[in-house]
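Participant: Quick one: the structure is below, and I'll ask about it shortly.
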Amino acid sequence: MSIAPVAIISNQMSLPNWKPPSFAAIAKYRSAEKVRRPIITPFHEGMPRYREHMIGGNIDDMVAYIMSLKD
């Protein structure tokens with residue numbers, strides 16, 4: 001079974017049945033730095049604002065967890 005690459009396409013985000021990619025799908029196609037970046041600075045209004053509720057070490061733990069789902 002193969003998983004399609006994760007793509008953020010703005011017009012898809014407004015579709016009623018659109019769902020964000022799973023953490024496992026994100027980990028498969030992103031480096032740890034690319035996983036960390038939107039946690040620290042979300043790309044768009046619909047993304048959770050994790051940084052507002054987490055301290056630095058917790059962000060590292062979250063990135064490590066997401067990356068652990070790669071396999």
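The values are calculated or read from the model by the stated rules, or taken from the named source; none is laboratory data. Predicted, not measured: the structure shown is a model, and the values here were computed from it. No Cβ is skipped: glycine too gets one built from the backbone with ideal geometry, and neighbour counts run over all protein chains shown.
Participant: Hey, can you tell me all the residues within region 3-28 that are modelled with pLDDT of 80 or more and either assigned to a loop (DSSP other than H, G, I, E, B) or farther than 15 Å from Val63 by Cβ (or both)?
Facilitator: Selection gives Lys19, Pro20, Pro21, Ser22, Ala25.
Participant: Which pairs have Cβ atoms under 6 Å, sit 6 or more apart or on different chains, and link a residue in region 49-71 that is more than 10 Å from Ile39 (Cα to Cα) to one that is of a type in the set (Val, Ile, Thr) and assigned to a helix (DSSP H, G or I)?
Facilitator: What qualifies is Ile66/Val35.
Participant: Restricting the search to region 38-68, which residues are surrounded by fewer than 13 Cβ atoms within 10 Å (Cβ to Cβ) and among the charged types (D, E, K, R)?
Facilitator: Those that are surrounded by fewer than 13 Cβ atoms within 10 Å (Cβ to Cβ) and among the charged types (D, E, K, R): Glu45, Arg49, Glu52, Asp61.
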